[in-house]
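Asker: Please read through the structure below; I'll follow up with questions.
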Amino acid sequence: MKNLSKLLLRSLSRAARPYLKTVGLLQTAKVFNRSTLVWEPADEKVLVLAPHMDDEVIGCGGTIAKHVVRGADVTVVFLTDGGAGAAVIDSGQAPGDLTQTRTAEAHRALSCLGVQHSIFLGAEDGNLASTPSLAGTLGGILTKNLFDLIYLPFFLEEHPDHRATSQILLDAVSGTRLTHTRTFIAMSARAGSRGRRSASRRRSAR
């Protein structure tokens, strides 16, 4: 799987190089003889798609902060309910308690970053999948707001919820003009992914 991922990444980077040069994003760093992306967050209308409540911070928290400082209007959409977002699940915990805790933590984290808009879609944590209802809800959000930039996990991330996010976005924009007018940027949140895989294993063993 790792070799396949590396092969796909090399192929994608080669295919993207001419486009990036055309739009001025790709410049060559002569000292190191390698290519670099030249881009800074600005005051765009920004959407962050976070499969879990922490992916927005781990994946692109610094970038979000830069956007906010520069006047951007940032919205974070959390796709899952956070119900599996703990290393150890307390057997005495009432259903929904962990979701409430994670939601409160997400609000505090966004407040620290200066983000004023958040939406919680409440899909099951650990079993995220594209459904007509979920894709339709996201499609409505996209159509209403017309974001300039959309951040989401890379489609080859290890965590299945992260990979599902790409499919949900694709289904949400399918048949609309949004596929031609928006810019999609991948973020990485591997630390959160490892934590959740470990949580799933512990929970299933109980």
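The values are calculated or read from the model by the stated rules, or taken from the named source; none is laboratory data. Model, not experiment: these values are computed from the prediction. Cβ atoms come from the backbone with ideal geometry, glycine included; neighbour counts cover every protein chain shown.
Asker: Output the residue which, of all residues in segment 130-157 that are surrounded by 13 or more Cβ atoms within 10 Å (Cβ to Cβ) and out of contact with any strand residue (DSSP E or B) (no Cβ under 8 Å at 6 or more places or on another chain), is nearest to Ala72 (Cα to Cα). Give the steps one after another, and end with the answer.
Answerer: Step one: of segment 130-157, the residues surrounded by 13 or more Cβ atoms within 10 Å (Cβ to Cβ) are 130, 134-135, 137-139, 141-143, 145, 147-157.
Restricting the remaining residues to those that are out of contact with any strand residue (DSSP E or B) (no Cβ under 8 Å at 6 or more places or on another chain) gives 130, 135, 139, 143, 156-157.
Working: Ser130: 29, Ala135: 25, Gly139: 21, Thr143: 18, Leu156: 28, Glu157: 27 Å.
Filtering first and then ranking leaves Thr143.
Asker: Which residues, counting only those in segment 65-78, are aliphatic (A, V, I, L, M) and either more than 24 Å from Ala135 (Cα to Cα) or touching a His at 6+ places or on another chain (Cβ under 8 Å) (or both)?
Answerer: Initial filter on segment 65-78 (aliphatic (A, V, I, L, M)): 65, 68-69, 72, 74, 76-77.
If the condition is that a residue be aliphatic (A, V, I, L, M) and either more than 24 Å from Ala135 (Cα to Cα) or touching a His at 6+ places or on another chain (Cβ under 8 Å) (or both), then Ala65, Val68, Val69, Ala72, Val74, Val76 are the ones that fit.
Asker: Still on this model: Residues of segment 158-167 being surrounded by fewer than 24 Cβ atoms within 10 Å (Cβ to Cβ) and either touching a residue at least 24 places away in the same chain (Cβ under 8 Å) or touching a strand residue (DSSP E or B) at 6+ places or on another chain (Cβ under 7 Å) (or both), which ones? Talk me through it step by step, then tell me what you get.
Answerer: Going residue by residue through segment 158-167, those that are surrounded by fewer than 24 Cβ atoms within 10 Å (Cβ to Cβ) are 158-160, 163-164, 166-167.
Listed by number, the residues that qualify are Glu158, His159, Pro160, Ala164, Ser166, Gln167.
Asker: So, one more: Would you confirm whether or not segment 140-151 contains a residue that is in contact with a Cys (Cβ under 6 Å, 6 or more places away or on another chain), at pLDDT 75 or above, more than 17 Å from Ala84 (Cα to Cα) and assigned to a strand (DSSP E or B)?
Answerer: Just the residues of segment 140-151 that are in contact with a Cys (Cβ under 6 Å, 6 or more places away or on another chain), to begin with: 151.
Narrowing further to those that are at pLDDT 75 or above: 151.
Now narrow it down to the ones that are more than 17 Å from Ala84 (Cα to Cα): 151.
Still in the running and assigned to a strand (DSSP E or B): 151.
Yes: segment 140-151 contains one or more residues that are in contact with a Cys (Cβ under 6 Å, 6 or more places away or on another chain), at pLDDT 75 or above, more than 17 Å from Ala84 (Cα to Cα) and assigned to a strand (DSSP E or B).
Asker: Something else now. Residues to consider are Ala94, Ala106; find the one that is over 30 Å from Gly175 (Cβ atoms), at pLDDT 90 or above and either part of a loop (DSSP other than H, G, I, E, B) or assigned by TED's automatic domain parsing to the domain that holds Glu158 (or both). Please lay out each step first, then the result.
Answerer: Working: Ala94 fails: at pLDDT 90 or above.
One residue alone meets the criteria, Ala106.
Asker: Confirm whether Leu134 is assigned to a helix (DSSP H, G or I) and at pLDDT 95 or above. Write out each step before concluding.
Answerer: Values: assigned to a helix (DSSP H, G or I): yes; at pLDDT 95 or above: yes.
Considered against the rule, which asks whether it is assigned to a helix (DSSP H, G or I) and at pLDDT 95 or above, Leu134 comes out as yes.
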